[in-house]
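Everything on this sheet refers to the single structure shown next.
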Amino acid sequence: MAVSLRDKLRSAAPLASKPAAPQSGDCLCRRHCYAPADQYLPFRLSGQVLSLMQGVSMQDLRREEILFLDTETTGLSGGAGTVAFLVGVGFFENDQLIVEQYLMRDYDEEIHVLTKVAAEMEKRSVLCTFNGLSFDLPLLRSRGVMQRIRLKEPVFHLDLLHASRRVWKLRLKRCNLTALEEAVLGRVRVDDLPGALVPERYFRYLKEKDISLLEDVLDHNRQDIASLADILRHLMKLHESPLDAGFGEDIYSLGRIYEKRGQIEGARKCYRAASKGATVWMAQTSLAESLRRTGEFEQAAQAYENALCVKCSDIQVHIALAKLYEHRLKDLHAALKHTRQALMLGAEKESTDLAPIQKRYERLMLKIRRND
């Protein structure tokens, strides 16, 4: 008698369950205290200043609400195989800046690292990172999904890379953390492990299991966390008192931030303060455009004229002055002078479209003949 497939399956012995992989007790934890904390951050974080920095409405914050975070990873470009093997967090506690570091000594300890990070994020409403919006936080989220650990979304995320670029890029060009430490904080790291070498160092540790190989990585990460707090303190101070920046480029950049946030008078103060040295032309043209937008045409024309004293070959400034003099100030001869200058400059540059300028010139000539 043939045996059916169903009977065979019923009579088969159940498969032995696969033994669970042994769980590691925990990850390696390090704790470092910086005291006093006042050197890193003021006691009160003004919501007005934070709103200026972030471009969104924020309320006053206690410093205890902020969690600083930085990761060291097995790859610098992200991707499915990239893991945050070290996560450093910083927070304020009893007038101290505390830095805690969670190190994954092997891949089975990732769940413990993420659990500790999730617990710290749960306690605080504000996350402060350096390029965390694009790298650190998306990486931790994706690894959390893999380990079934949910990371709380911060109420506010202060990404200091973007805030730093808005203030210091004009002067420093490069705004990585090392450049900011040297130029803004006045600190130079000695014997620091370059970030590009961090993944290779970790893979070497996995082979040799010598924890001393990671001491440089731990020091590097700890200094990053402390620098985040210090850079935030500097940014808060500059946004509150931009004229104290000390560099024309920084004052001008802060003026652009003020204007973008709708604080026009504050922006104009910055532009006037930056109207010397290398930033005269930028500051005066920005001041002129601001004045023109609010209908203060005479002051706008004067600011444009001041800009031409520094850079007389700018076609766009001549055209802007021609428009002001023709349509707003009704000075046709001044408008004609600047239109003629724009034509002469445009003739020297083959890429310039002279047709609109020529048309303006002919119209002004006709108006002047009629008036005469």
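The figures follow:
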| quantity | calculated |
| --- | --- |
| Relative contact order of the chain, defined on C-alpha pairs under 8 angstrom at six or more residues apart (%) | 12 |
| Cleavage-rule hits, trypsin sites (Lys or Arg not before Pro), the stretch 254-299, DSSP coil, Cβ neighbours within 10 Å at most 12 | 276 |
| Integer Hz, Karplus 6.51/-1.76/1.60 couplings in order for the stretch 319-333, x for Gly and Pro | 5, 4, 5, 4, 5, 4, 5, 6, 9, 10, 9, 6, 10, 5, 5 |
| The stretch 242-305: radius of gyration over Cα atoms, expressed as a fraction of 2.2 N^0.38 Å | 1.00 |
| For the stretch 107-136 and the stretch 218-257, distance of Cα centres in Å | 24 |
| Residues 28, 254, 218, sorted so that the one with the fewest Cβ neighbours within 10 Å comes first | 28, 218, 254 |
| Förster radius 51 Å - calculated FRET efficiency between residue 243 and residue 209, Cβ distance, rounded to 0.05 | 0.40 |
| Relative frequency of Cα-Cα separations exceeding 21 Å in the stretch 28-240, percent | 53 |
| Label zone at residue 371 (point 7 Å along Cα-to-Cβ), backbone N below 17 Å, the stretch 327-355 | 327-341 |
| Residue 298/residue 183 FRET efficiency (R0 35 Å; Cβ-Cβ; nearest 0.05) | 0.35 |
| Gyration tensor over alpha-carbon atoms, the stretch 312-372, equivalent ellipsoid semi-axes in Å | 20, 12, 8 |
| Calculated [θ] (222 nm, deg cm²/dmol) that DSSP helices of n ≥ 4 give over the chain, each run adding -39,500 (n - 2.57) | -16000 deg cm²/dmol |
| Net charge, residue 190 excluded, C-beta distance under 13 Å - Lys, Arg +1, Asp, Glu -1 | -4 |
| The stretch 269-330: relative contact order in percent, alpha carbon pairs under 8 Å with at least 6 residues between | 28 |
| Dipole axis of the chain (+1 Lys, Arg; -1 Asp, Glu on Cβ), positive-most option in 112, 205, 50 | 50 |
| Sites residue 119 and residue 35, calculated FRET efficiency, Cβ-Cβ separation with R0 25 Å, nearest 0.05 | 0.60 |
| Exposure proxy order (Cβ contacts within 10 Å, fewest to most) of 167, 184, 155, 83 | 155, 83, 184, 167 |
| Residue order, fewest to most surrounding Cβ atoms within 10 angstrom, among 365, 236 | 365, 236 |
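Coordinate-derived values only; no laboratory data. Since this is a predicted model, take the numbers as computed values, not measurements. Reconstructed Cβ throughout: ideal geometry from the backbone, glycine too, with neighbour counts over all protein chains shown.
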